[in-house]
Amino acid sequence: PEVQEEVNRKDDRLLSLLRDVYVESRDPPVRVKDGGGEHLPCKLEEKRLTKLGHLGDLDVKKVRKGRISIVEALTLLNNHKLHPQTWTAEKIAVEYSLELKEVSSLLEFFIPFAVQEFPKETKKAI
């Protein structure tokens, strides 16, 4: 209880000293760094024009090297399916700026659709 009274009691001498204190604070002016010659290195992406053929209006015009567009993928898969001796994995990799192992995987695991129509006489059997 005595300590609590001591804490809560006003000390006029300390209060007058506190009123005499004046603090003035100023921040230094902010300097904005302009990039005057120092530029951070940025990764520039190499792009290539797509090889679209007659489906050019349906697809993008530029892609990054190492990538292909949907239309290009369908085109190269169809070319390989129709002429596998001409359109080998090595030729496709060079033509479209791709890695050989990726092209080999693409040719192995992706097969373009083949539309088949059944003759009219077999429709009744189905």
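The values are calculated or read from the model by the stated rules, or taken from the named source; none is laboratory data. Since the model is a prediction, treat every value here as computed from it, not as a measurement. With ideal geometry, Cβ positions are generated from the backbone for all residues, glycine too; neighbour counts draw on all protein chains shown. For accessibility, only protein heavy atoms count, side chains too; no ligands or nucleic acids. Shrake-Rupley method; radii C 1.70, N 1.55, O 1.52, S 1.80 Å.
When both residues are 6+ apart or on different chains and their Cβ atoms are under 6 Å apart, which pairs have a first residue that lies in segment 69-85 and is in contact (Cβ under 8 Å) with a residue 12 or more places away in the chain, and a second that is buried (at least 18 other Cβ atoms within 10 Å of the Cβ) and part of a helix (DSSP H, G or I)?
Short answer, once both residue conditions are applied: Leu76/Ile92; His80/Leu107.
Look at Ser105 and say whether it is modelled with pLDDT of 85 or more and at positive phi.
Against the criterion (modelled with pLDDT of 85 or more and at positive phi), Ser105 does not qualify.
Quick check on Leu98: is it open to solvent by less than 100 Å² (accessible area, probe 1.4 Å), more than 24 Å from the chain's Cα centre (by Cα) and touching a residue at least 12 places away in the same chain (Cβ under 8 Å)?
Details: open to solvent by less than 100 Å² (accessible area, probe 1.4 Å): yes; more than 24 Å from the chain's Cα centre (by Cα): no; touching a residue at least 12 places away in the same chain (Cβ under 8 Å): yes.
Judged against the criteria, Leu98 is not a match.
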